[in-house]
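Please read the structure below before turning to the comments.
The values are calculated or read from the model by the stated rules, or taken from the named source; none is laboratory data. What you see is a predicted model, and the numbers here were worked out from it, not measured in a lab. FYI the Cβ positions are ideal-geometry reconstructions off the backbone, even for glycines, and counts take in every protein chain you see.
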């Protein structure tokens, strides 16, 4: 039976969902990639993202367990009301090839149509079950990515911090940006707009102080941790000219996620991307010594950031992509779908 999870979901719903996610993770991803914790799963199900609202669907078995789950993000901002993100569509390994994925996809397709969306995208590992499924639906890879991983302790021990040019200094914070840098930080966020985006339908949002604070607060409200290191221009009122962020979705995680790394256009070519990422590695090691690794995604055609990562000793772990399809190109019925 197909159900929509409560808002917020019950503990039983969260447990059933998490069981599917972990079982699929063990089969579909390399052993080096840590499993998501229950705290991470609960946070994602309990609180919607800043950018819109989620629809969480599950296919139940006779014993009450879940055979498959799916999460859809419907953007709320006007610039992206035409599109959506399929954040997950996961079928428990022992329930695959029995129509579960097709049924979940049929419900997702109905949600997209009801919300007036004309396209949907998903981030997937290359060569896995997820790609095979979306290939059958007509999705195409619009942005090739790589997952890159760095050992935190080794990087801190072997790579010296980079001295900043005159007039620049570092600033660091945990959680929501402090008031004295909030406006400048929001302005710097907008510099991410020119990062390679392939043929994606999603448009970068407009950032202001409220959005920047809400994004950090959401991570904490979901039970996670966010650290930020920035470079400030002291000759320009402490304008934020570069920054990078590390996130733990559960404080007990041993692998952190690196979110945006941004250098504003006027300060590019000065080594600030490398400097601020190395700064954050040191802060991560100092404040959260249980974190062994940090991982991040970089578009294959983002040659400048790939060079920064290489200089810092990041290694490519696996390949991924952003896949997109227009609703007009989707199969008409679930029977037309190659099941996951």
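Observations
- Apart from one condition, residue 311 fits all of (1) surrounded by fewer than 19 Cβ atoms within 10 Å (Cβ to Cβ); (2) under 19 Å from residue 170 (Cβ atoms); (3) in contact with a strand residue (DSSP E or B) (Cβ under 9 Å, 6 or more places away or on another chain); (4) modelled with pLDDT under 95; the exception is (3).
- Selection over the stretch 219-231 of residues that are surrounded by fewer than 22 Cβ atoms within 10 Å (Cβ to Cβ) and either out of contact with any helix residue (DSSP H, G or I) (no Cβ under 9 Å at 6 or more places or on another chain) or more than 29 Å from residue 80 (Cα to Cα) (or both) gives a count of 1.
- Residue 269 being in a loop (DSSP other than H, G, I, E, B) and modelled with pLDDT under 95: yes
- Test for residue 318: is it touching a strand residue (DSSP E or B) at 6+ places or on another chain (Cβ under 6 Å) and at pLDDT 95 or above: yes
- Counted as qualifying within the stretch 107-224 are the helices (runs of 4 or more DSSP H) with 1 or more residues that are over 28 Å from residue 308 (Cα atoms), namely 129-137, 179-189, 209-221.
- Only one of 204, 215 that is modelled with pLDDT under 95, under 16 Å from the mean Cα position of the chain (by Cα) and surrounded by 15 or more Cβ atoms within 10 Å (Cβ to Cβ): 204
- From the list 253, 301, the one residue that fits, being outside any helix (DSSP H, G or I), within 20 Å of the chain's Cα centre (by Cα) and surrounded by fewer than 22 Cβ atoms within 10 Å (Cβ to Cβ), is 301.
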